[in-house]
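Encoded as structure tokens, the structure appears first; notes follow it.
The values are calculated or read from the model by the stated rules, or taken from the named source; none is laboratory data. Quick caveat: nothing in here was measured; it's all calculated off a predicted structure. Every residue, glycine as well, gets a Cβ built from its backbone with ideal geometry; the counts of neighbours run over all protein chains shown.
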Amino acid sequence: MTSSGNLEHWEDLAAFHGTGRDGYYDVPALVRGDMSLRDLESRAVDLATGGAGVSGRRVAHVQSHIGIDSIHLARLGGKVTAFDFSPTALLRLRELAELCSVDVRTVVADSQQLASSPFAAHHGSFDLVYATVGVISWIADLQAWMAGAAALLRPGGGLALLELHPLLCMLESADPVVADFPYLNDGGRHYEGTGSYANPQADLTWSIDQYAWSLGETVNAALDAGLRIVRLDEHVAAPFDPRGDILTREDDGMFRLRLGQGAEGERPEPLPILFTLVAEKPLP
Ligand SMILES: C[S@@+](CC[C@H](N)C(=O)[O-])C[C@H]1O[C@@H](n2cnc3c(N)ncnc32)[C@H](O)[C@@H]1O
């Protein structure tokens, strides 16, 4: 189910990110404690926990990468378990958690397998499943991913998924506009290239498979997994460029995507770049 090229790619990125060679994963700032969840992530957590937040709650961070957010969630008082298919990412995460003096448990897992029996010990164990930015485009079977999230949650628990908007995923470039990725799932596309979203100049080569998931397909996968949709928000501005090199930073410091022409003399209106899906595992 998992493309071996994808795992190799993420093993490479996990060894590279946060080692002082990219401008995205600022480990010294993380260790100093002067970073926390951004507003978009905090709002998703609030919505998925009914305003209760993570303190004292059991949090499954799915596709945690090297665990920057896992550490933030643990600092906020969450009892965090990080799941990722990259052993290197989870090794780095454990090292970072130790540097930051927080506890985060780690589980190596393909997220499409989380509903299956090898992970039964984790089923029904979490108040919150948290997954953000750059997660589902690696997933061939989104129904299996959502079934995994639903299996991890206790009844009444919430899923917070903050993700790249499928419209932004379509674009290879904003200027000139190059749309080389489908909006609806078409079974996946194969790409080869170099660099990282955190440093396009990084000396890394990759051969990967990525999957388009429209908003409708994502919502339907959650419904098919038995989740109740609490909220779906689309965002046209973000305090960061989730792809590293495609959005424009504007005078207010926020990043936006504007294509083509606006009304005469006006800038074009911004397009959606991220979305937040909040869903709940119903009580029996
Ligand atoms: C873009 S990162 C998530 C980034 C995270 N939001 C951050 O800012 O660090 C995507 C993560 O998904 C993981 N991943 C990709 N495919 C996976 C799969 N099938 N199962 C589990 N983890 C997977 C990668 O190892 C990587 O850590």
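Here is how the numbers come out for the structure above:
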{"quantity": "Some residue of the range 88-99 being at pLDDT 95 or above and among the acidic types (Asp, Glu)", "calculated": "yes"}
{"quantity": "Within the range 132-246, helices (runs of 4 or more DSSP H) holding 3 or more residues that are within 18 Å of the chain's Cα centre (by Cα), away from the ligand (no atom under 16 Å from the Cβ) and touching a residue at least 60 places away in the same chain (Cβ under 8 Å)", "calculated": "215-224"}
{"quantity": "Counted residues, the range 198-213 - those being closer than 19 Å to Thr132 by Cβ and surrounded by fewer than 18 Cβ atoms within 10 Å (Cβ to Cβ)", "calculated": "2"}
{"quantity": "First in the range 10-31 and more than 16 Å from Gly244 (Cα to Cα), second anywhere and away from the ligand (no atom under 12 Å from the Cβ), Cβ under 6 Å, 6 or more apart", "calculated": "Asp12/Leu204; Val31/Leu99; Val31/Cys100"}
{"quantity": "Where His72 falls short, out of the listed (1) more than 30 Å from Glu8 (Cα to Cα); (2) within 17 Å of the chain's Cα centre (by Cα)", "calculated": "(1)"}
{"quantity": "Candidates Glu95, Glu11, filtered to the one that is more than 26 Å from Leu274 (Cα to Cα) and out of contact with any strand residue (DSSP E or B) (no Cβ under 9 Å at 6 or more places or on another chain)", "calculated": "Glu95"}
{"quantity": "Index of the failed condition, Gly53 passing every other in (1) farther than 20 Å from Ala150 by Cα; (2) of a type outside the set (A, V, I, L, M); (3) within 19 Å of the chain's Cα centre (by Cα)", "calculated": "(1)"}
{"quantity": "Number of positions in the range 98-131 that are assigned to a helix (DSSP H, G or I) and crowded, with 20+ Cβ neighbours inside 10 Å", "calculated": "2"}
{"quantity": "The range 16-51, subset aliphatic (A, V, I, L, M) and either outside any helix (DSSP H, G or I) or at pLDDT 95 or above (or both), residue farthest from the ligand (Cβ to nearest atom)", "calculated": "Leu47"}
{"quantity": "Considering residues of the range 76-124 that are of a type in the set (Ser, Thr, Tyr) and touching a residue at least 60 places away in the same chain (Cβ under 8 Å) only, the residue nearest to the ligand (Cβ to nearest atom)", "calculated": "Ser86"}
{"quantity": "Condition met for Ser70 (among the hydroxyl-bearing types (Ser, Thr, Tyr), modelled with pLDDT of 95 or more and away from the ligand (no atom under 16 Å from the Cβ))", "calculated": "no"}
{"quantity": "Residues of the range 72-97 satisfying the condition of being of a type in the set (A, V, I, L, M) and either surrounded by 21 or more Cβ atoms within 10 Å (Cβ to Cβ) or part of a helix (DSSP H, G or I) (or both)", "calculated": "Leu73, Ala74, Val80, Ala82, Ala89, Leu90, Leu91, Leu93, Leu96, Ala97"}
